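First comes the structure, then the notes that go with it.
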Amino acid sequence: MVVEELEQYGIHHTDDRTAIDPSPARLIEKAVSRGEGILTSTGALAVTTGKYTGRSPKDRFIVDTPDVHDKIAWGNVNVPFSEEDYQLVHDEVISYLSERRIFMVHGIAGADRRYSRKILVLTELASQALFAHQMLVRPTEEELANYGRADFVVMACPGLKLDPAVHHTHSEAAVIINFKERVVLIAGTQYSGEIKKSIFSVMNYLLPVEENVLTMHCSCNMNPQSHGTTVFFGLSGTGKTTLSAAEGRLLIGDDEHGWAKDSVFNIEGGCYAKTIRISEETEPQIWHAIRFGALCENVVLDPNSRIADYDDDSLTENGRVAYPVEFIDNAVVKGRAKRTPDVVIFLTADAFGVLPPISKLDENAAMYHFMTGFTSKVAGTERGIKEPTPTFSSLFGEPFMPLDPMVYAKMLGEKIEHNGTRVYLINTGWSGGSYGTGSRIKLKYTRKMVEAAQSGIIDDSEFVHDERFNLDVPTSCPGVPDELLNPRSTWADKDAYDATAEKLAQMFVENAEKRLQSMTPEVRAAGPRPLGK
Ligand SMILES: Nc1ncnc2c1ncn2[C@@H]1O[C@H](COP(=O)(O)OP(=O)(O)O)[C@@H](O)[C@H]1O
Ligand SMILES: C=C(OP(=O)(O)O)C(=O)O
Ligand SMILES: [Mn+2]
């Protein structure tokens with residue numbers, strides 16, 4: 001059976017210890033007995049991932065085959081890889097896996113079964129199999145019995161180091177997506193984020209092209225009474241995971257969703273939260289999800305008590321924990337809502353400390369900011385990022401989007417218009433100065449702003465128009481000090497604020513000129529307008 005199944009994917013397996021869909025308990029026992037990891041004091045499995053503790057965008061490739069050649073937005077993000085080189089790496093991966101014990105996880109991407117795809121993950125590590133099991137949508141027994149051939153196969157070999165001179169990769173690591181063969185090859189990196197984000201990239205191609213479903217880099221939660229849903233777009237570190245796990249809301253998912261004509265659904269079955277400086281007080285739900293069945297990556301433990309020190313960044317700022325959605329008390333285990341989002345929130349973490357913490361966007365401003373995707377990358381999630389770095393990333397997720405950004409932007413624009421969705425821009429970044437002088441806006445205040453946007457009460461505030469950023473800013477919000485809502489008032493040095501704000505407004509304009517040629521004049525006019533002073 002196993003041998004036959006693997007043969008379908010070209011693996012002539014000789015090791016009879018292949019493990020098929022072991023339970024989390026068995027995977028954890030295996031991982032511990034093989035020395036892959038240890039248990040934390042709360043029962044989570046803890047591993048370290050070596051050199052790669054974050055995603056490695058320079059090592060990510062898409063195979064340039066004729067069927068996708070004209071559809072992919074090739075460039076720095078979607079880097080082409082030749083079919084010949086793919087074959088070389090593929091053969092290497094196949095012979096590597098053929099000689100080893102393999103862990104197989106039959107998973108699903110897409111909680112709304114009308115749009116789901118079967119994803120088979122093959123990995124050499126029990127701990128990565130645990131990750132795949134907890135992070136993908138878990139098939140029912142019936143679905144497992146009728147699984148058949150997978151739609152996509154992910155082969156993860158963290159221990160296989162490639163040779164750039166031979167394999168024409170960027171380094172010893174590579175993540176290579178092949179839409180023709182329906183295979184993802186991962187070599188040389190153990191950071192599990194590569195598994196989930198490569199599957200996301202695959203879905204970001206398949207669902208818009210084959211199903212007319214908009215895929216989004218966002219979290220999603222629901223009002224338990226009205227069932228109204230909110231999606232939170234945002235690049236890494238802006239607060240998707242943190243803010244979607246909220247008291248009094250039902251969690252749908254923390255990172256990847258589809259928006260169909262009559263539903264919004266999680267692409268995954270688990271969450272992948274940052275652990276750095278987490279506290280029980282500010283993030284209680286995530287805190288309590290760090291338990292047996294969860295996988296911690298690069299979290300520092302006391303050698304004897306095995307108590308985690310979440311403040312210790314000596315391994316990385318990007319410590320993580322992966323857990324199934326049901327580890328959050330109030331999760332929608334089915335992973336979908338039978339209605340479309342009422343509220344869209346764009347999260348940005350502005351390290352300049354000059355954008356208002358909340359503003360309301362009309363349709364044109366929503367399109368402008370979706371196309372622009374401004375934030376500051378925080379340390380750790382991507383290799384090489386050591387401190388907050390301003391960046392523009394279309395759709396708040398360019399690294400994962402294989403198609404032209406306009407494809408997704410048009411779909412979102414139509415959906416927002418059709419649904420009458422309210423859109424807000426929320427800055428979870430700095431206040432009272434830039435990174436270094438100011439401080440990060442307090443999570444408790446951001447949560448209040450999110451609640452006010454969700455309930456709509458924020459719309460009852462007075463609004464002032466910030467001329468420079470061209471944003472409508474409320475002057476009050478329940479539970480938030482008024483002065484916090486106007487960033488200029490939080491800076492002691494007003495001249496410094498003006499100069500910094502002017503610089504950022506100018507960066508928006510330059511970005512639009514360079515990268516967003518396809519914006520309509522109305523959309524472009526909705527962006528920042530430097531005051532020239
Ligand atoms: N005001 C705030 N809003 C959101 N997150 C905040 C805020 N202040 C600090 N943080 C921290 O920033 C990080 C946000 O990361 P996360 O929620 O994992 O983002 P994402 O899921 O978008 O990558 C968390 O570590 C959180 O504790
Ligand atoms: C896992 C990731 O996602 P996020 O930081 O958005 O949670 C990542 O970007 O590697
Ligand atoms: Mn996240």
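Being at pLDDT 95 or above and in a helix (DSSP H, G or I): is that true of Ala496 here?
yes
Output the qualifying pairs, or none if there are none: Cβ atoms under 6 angstrom, residues six or more apart or on different chains, first residue in region 73-102 and among the hydroxyl-bearing types (Ser, Thr, Tyr), second residue at pLDDT 95 or above.
Qualifying pairs under 6 Å: Tyr86/Val63; Tyr86/Asn178; Tyr96/Cys157; Tyr96/Leu160.
Given Thr14, Thr40, Thr48, which one is surrounded by 21 or more Cβ atoms within 10 Å (Cβ to Cβ), more than 16 Å from ligand 1 (Cβ to nearest atom) and polar (S, T, N, Q)?
From the options Thr14, Thr40, Thr48, the qualifying one is Thr40.
Kindly check whether there is at least one residue in region 334-349 that is touching a Pro at 6+ places or on another chain (Cβ under 8 Å), under 29 Å from Pro474 (Cβ atoms) and either assigned by TED's automatic domain parsing to the domain that holds Val473 or not in a loop (DSSP other than H, G, I, E, B) (or both).
Scanning region 334-349 turns up at least one residue that is touching a Pro at 6+ places or on another chain (Cβ under 8 Å), under 29 Å from Pro474 (Cβ atoms) and either assigned by TED's automatic domain parsing to the domain that holds Val473 or not in a loop (DSSP other than H, G, I, E, B) (or both).
Let's see how each residue does on (1) within 16 Å of ligand 2 (Cβ to nearest atom); (2) closer than 20 Å to Gly239 by Cα; (3) free of Cβ contacts under 8 Å to residues at least 60 places away in the same chain:
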{"residue": "Ser279", "(1), (2), (3)": "no, yes, yes"}
{"residue": "Phe292", "(1), (2), (3)": "no, no, no"}
{"residue": "Pro303", "(1), (2), (3)": "no, no, yes"}
{"residue": "Ala322", "(1), (2), (3)": "yes, yes, no"}
{"residue": "Pro341", "(1), (2), (3)": "no, yes, no"}
{"residue": "Phe346", "(1), (2), (3)": "yes, yes, no"}
{"residue": "Gly353", "(1), (2), (3)": "no, yes, no"}
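With the checklist (1) more than 16 Å from ligand 2 (Cβ to nearest atom); (2) farther than 23 Å from Ala409 by Cβ; (3) not assigned by TED's automatic domain parsing to the domain that holds Ala129 in hand, flag the one item Lys180 doesn't pass.
Unmet for Lys180, out of (1) more than 16 Å from ligand 2 (Cβ to nearest atom); (2) farther than 23 Å from Ala409 by Cβ; (3) not assigned by TED's automatic domain parsing to the domain that holds Ala129: (3).
Considering only region 420-445, how many residues are modelled with pLDDT of 95 or more, polar (S, T, N, Q) and out of contact with any Pro (no Cβ under 7 Å at 6 or more places or on another chain)?
Number satisfying all stated conditions: 2.
Could you check Phe370 against (1) under 18 Å from the mean Cα position of the chain (by Cα); (2) surrounded by fewer than 23 Cβ atoms within 10 Å (Cβ to Cβ); (3) more than 16 Å from ligand 3 (Cβ to nearest atom); (4) within 25 Å of Met449 (Cβ to Cβ) and say which number it fails?
The one condition Phe370 does not meet is (2).
With Lys180, Lys196, Lys161 as the choices, which residue is within 16 Å of ligand 3 (Cβ to nearest atom) and either more than 20 Å from the chain's Cα centre (by Cα) or charged (D, E, K, R) (or both)?
Step by step, each of Lys180, Lys196, Lys161 is checked, and only Lys196 is within 16 Å of ligand 3 (Cβ to nearest atom) and either more than 20 Å from the chain's Cα centre (by Cα) or charged (D, E, K, R) (or both).
List the pairs whose first member sits in region 165-179 and is free of Cβ contacts under 8 Å to residues at least 40 places away in the same chain, whose second member is of a type in the set (Ser, Thr, Tyr), and whose Cβ atoms are under 9 Å apart, counting only residues at least 6 apart or on separate chains?
Correct list of pairs: Glu172/Thr189.
Can you name the residue in region 212-241 that is of a type in the set (S, T, N, Q) and under 19 Å from Ser455 (Cα atoms) and is also nearest to ligand 2 (Cβ to nearest atom) among such residues?
Across region 212-241, the extreme among qualifying residues is Ser219.
Please tell me if Gly258 is more than 13 Å from ligand 1 (Cβ to nearest atom) and under 22 Å from Ser201 (Cα atoms).
Against the criterion (more than 13 Å from ligand 1 (Cβ to nearest atom) and under 22 Å from Ser201 (Cα atoms)), Gly258 qualifies.
If we scan region 44-56, do we find a residue that is under 25 Å from the mean Cα position of the chain (by Cα), aromatic (Phe, Trp, Tyr) and within 18 Å of Glu124 (Cβ to Cβ)?
Yes, the conditions are met somewhere in region 44-56.
If you go through region 338-347 one residue at a time, do you hit one that is surrounded by fewer than 21 Cβ atoms within 10 Å (Cβ to Cβ) and touching a Lys or Arg at 6+ places or on another chain (Cβ under 6 Å)?
Within region 338-347, one or more residues are surrounded by fewer than 21 Cβ atoms within 10 Å (Cβ to Cβ) and touching a Lys or Arg at 6+ places or on another chain (Cβ under 6 Å).
Which condition from (1) under 21 Å from the mean Cα position of the chain (by Cα); (2) assigned by TED's automatic domain parsing to the domain that holds Gln128; (3) buried (at least 22 other Cβ atoms within 10 Å of the Cβ) is the one that Leu206 breaks?
(3)
Residue check, Asp309 against (1) acidic (Asp, Glu); (2) touching a residue at least 12 places away in the same chain (Cβ under 8 Å); (3) more than 16 Å from ligand 2 (Cβ to nearest atom); (4) assigned by TED's automatic domain parsing to the domain that holds Ala44, all met but one. Which one?
Result: Asp309 passes all but (2).
On the given criteria, is Leu144 farther than 27 Å from Asp404 by Cα and either at pLDDT below 95 or touching a helix residue (DSSP H, G or I) at 6+ places or on another chain (Cβ under 8 Å) (or both)?
No, not satisfied.
Just the residues that are within 14 Å of Asp350 (Cβ to Cβ) and polar (S, T, N, Q), please, taken from region 487-509.
Matches in region 487-509: Thr490, Thr500.
Looking at region 164-181, is at least one residue part of a loop (DSSP other than H, G, I, E, B) and either touching a strand residue (DSSP E or B) at 6+ places or on another chain (Cβ under 6 Å) or at pLDDT below 95 (or both)?
no
Would you tally the residues in region 103-141 being of a type outside the set (D, E, K, R) and either on the phi > 0 side of the Ramachandran plot or without any contact (Cβ under 8 Å) to a residue 24 or more places away in the chain (or both)?
Residues meeting the conditions: 3.
Filter region 1-37 for residues that are touching a strand residue (DSSP E or B) at 6+ places or on another chain (Cβ under 8 Å), modelled with pLDDT of 95 or more and not in a loop (DSSP other than H, G, I, E, B); which is nearest to Phe152 (Cα to Cα)?
Leu27
Where residues in region 468-489 are assigned to a helix (DSSP H, G or I) and of a type outside the set (D, E, K, R), which of them is farthest from Pro357 (Cα to Cα)?
Looking at the filtered set, the residue picked out is Ser489.
Checking the conditions here, which among Ala525, Ala512, Ala505, Ala492 is closer than 30 Å to Lys410 by Cα and more than 29 Å from the chain's Cα centre (by Cα)?
Being closer than 30 Å to Lys410 by Cα and more than 29 Å from the chain's Cα centre (by Cα) holds for just one of Ala525, Ala512, Ala505, Ala492, which is Ala525.
Starting from region 436-458, keep only residues that are more than 17 Å from Glu483 (Cα to Cα) and free of Cβ contacts under 8 Å to residues at least 60 places away in the same chain, then list their pairs with residues that are among the aliphatic types (A, V, I, L, M) and buried (at least 17 other Cβ atoms within 10 Å of the Cβ) whose Cβ atoms are within a distance under 6 Å, requiring at least 6 positions of separation or different chains.
Here the result reads none, with nothing in region 436-458 linked to a residue that is among the aliphatic types (A, V, I, L, M) and buried (at least 17 other Cβ atoms within 10 Å of the Cβ).
Criterion first (under 22 Å from Asn318 (Cβ atoms) and either of a type in the set (Lys, Arg) or more than 14 Å from ligand 1 (Cβ to nearest atom) (or both)) does Arg277 satisfy it?
yes
The values are calculated or read from the model by the stated rules, or taken from the named source; none is laboratory data. Values in this document were obtained by computation on a predicted structure and should not be read as measured data. Backbone-built Cβ (ideal geometry, glycine too); neighbour counts: all protein chains shown.
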